[in-house]
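**Q** Sharing a structure below in structure tokens format, with a few things to ask.
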Amino acid sequence: MAEGIRNEEIRALAKMITRVENREPGWMEGMRAIYPHTGKARVLGITGSPGAGKSTLTDKITLELIERGFQVGIIAVDPSSPFSGGALLGDRLRMRSVSLLDGVFVRSMATRGALGGLNQAARDVVKIMDAFGKDFVIIETVGVGQDEVAVVKTADVVLVICVPGQGDSIQAMKAGIMEIGDIFVVNKADREGADQVAEDMRAMLELGCKEGSPKPAVLRTVANTGEGVPELVAVLFECFDSHANNRERRERQVRNELTAILEHEVAKFLREQYEQCGAMEKAVQDVLYGKRDPYSVVQDIIGRGGVMV
Ligand SMILES: Nc1nc2c(ncn2[C@@H]2O[C@H](COP(=O)(O)OP(=O)(O)OP(=O)(O)O)[C@@H](O)[C@H]2O)c(=O)[nH]1
Ligand SMILES: [Mg+2]
């Protein structure tokens, strides 16, 4: 399958993503095999409130990149219903015009059910697309929950979309989102109040910025007509370059990813060992009947380094 990825076979791409998402046997070996072919793609995170124009803008940015001769992968993170566990917007997300273009690959991902955690799953999918030869990978997600914010943070550059006429839209945007933005876009600039929103954002970013650090750009777009998109893409390129040259930033990203994989995989390994030898069931009963406390159980597991027998 990794071979297929390197030969740019679309079917291998779709299959490998599914296998890795589902953590099927051999997924880690697959990731290891493609890893040497990764590191070239530029990863853009796009977030904003529901209906802000994320998908429309993603499509327009994609068109602009395709025109410049780049290949693009899109990961549409789809908020899942807490009740059905399935994707709420899946059908709508799949119906996008750019998905039919040569050089574009679109993949939806639900916020629930990612076995390795949502942000690690997104990182893995990014790498598979990267190894396949995508020059850009865009992760699009509604900036509402912690999970969504965490996933967009894994990108190299984060774009935050606001719109006029949503009451106090800046107020409505979670402070957490403002903090992670590298570039801010006031979309639906054809509507009244766009200038005011842009002004408010600049003022707010001014306050939030550390002395001496560069202020994030605030741009205006009309996503459905494409107005402002070429300017936005130019700013994006500058931002990618400056981040790529920022060693500290890249070190932080590697550290975060390594920590995430380690915490997840080691915890899973230890839990499985503990369950397999029946110790978990015994511990549950012991805690239930007040013979032990959960902290000493966990300390015991750590102390034994996962060797339960
Ligand atoms: N007037 C105007 N409408 C826009 C603009 N950009 C997007 N829209 C419209 O706004 C609606 C929502 O756009 P989407 O791109 O689906 O927004 P989204 O943020 O992806 O929405 P969710 O995925 O549901 O959160 C669509 O009907 C778009 O046509 C714009 O710049 N101006
Ligand atoms: Mg959308």
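Each value in this text was obtained by applying a stated rule to the coordinates, not by laboratory testing. Everything numeric in this text was worked out from a predicted model, so none of it was measured. All Cβ positions, glycine included, derive from the backbone under ideal geometry; neighbour counts span all protein chains shown.
**Q** I'd like the orientation of helix 294-304 relative to the chain: the angle between its Cα long axis and the longest Cα principal axis, in ° from 0 to 90, rounded to 10.
**A** 80
**Q** Determine ³J(HN,Hα), in whole Hz, for all residues of segment 12-29 in sequence, where each value follows from phi through the Karplus function 6.51 cos²θ - 1.76 cosθ + 1.60 and θ = phi - 60°; x replaces Gly and Pro.
**A** Rounded to whole hertz, the list is 5, 4, 4, 5, 5, 4, 4, 4, 6, 4, 8, 6, 5, x, x, 4, 6, 4.
**Q** Along the three principal axes, how long is the chain when you take its alpha carbons, biggest first, rounded to the nearest angstrom?
**A** 66, 46, 41
**Q** Rounded to the nearest 20 debye, what is the charge dipole size of segment 259-304 about its Cα centre when +1 sits on each Lys and Arg Cβ and -1 on each Asp and Glu Cβ?
**A** My answer is approximately 120 debye.
**Q** Additional query: From the phi of every residue in segment 49-54, what ³J(HN,Hα) in whole Hz does the Karplus formula 6.51 cos²θ - 1.76 cosθ + 1.60 yield, where θ is phi - 60° and glycine or proline is x?
**A** Using θ = phi - 60°, the values come out as 5, x, x, 5, x, 4 Hz.
**Q** Related question: Fewest to most neighbouring Cβ within 10 Å: what's the order for Met28, Met201?
**A** Met28, Met201
**Q** What residues qualify as long-range amide H neighbours of Asp78, i.e. H under 5 Å apart, gap of 5 or more or another chain, H built at 1.01 Å from N?
**A** When sequence neighbours closer than 5 places are left aside, the close amide H contacts are Met109, Ala110, Thr111.
**Q** Bin width 10 Å, origin at 0, all Cα-Cα pairs of segment 259-304: what percent of pairs per bin?
**A** The calculated distribution, bin by bin, is 26, 51, 20, 3.
**Q** Where does helix 118-132 land angle-wise versus the long Cα axis of the chain, in degrees 0 to 90, nearest 10?
**A** It is inclined by approximately 70 degrees.
**Q** Moving on. Could you calculate the FRET efficiency of Met28 with Asp300 from 1/(1 + (r/R0)^6), where r is the beta carbon distance between them and R0 is 35 Å, rounded to 0.05?
**A** E(calc), rounded to 0.05, equals 0.80.
**Q** For Cys162, which sequence-distant residues (separation of 5 or more, or a different chain) have an amide H within less than 5 Å of its own amide H, given hydrogens modelled in the peptide plane?
**A** Amide H neighbours of Cys162, under 5 Å, 5+ apart: Val185, Val186, Asn187.
**Q** Quick check: the distance between the Cα centres of segment 1-57 and segment 267-286, to the nearest angstrom?
**A** Here the answer is 33 Å between Cα centres.
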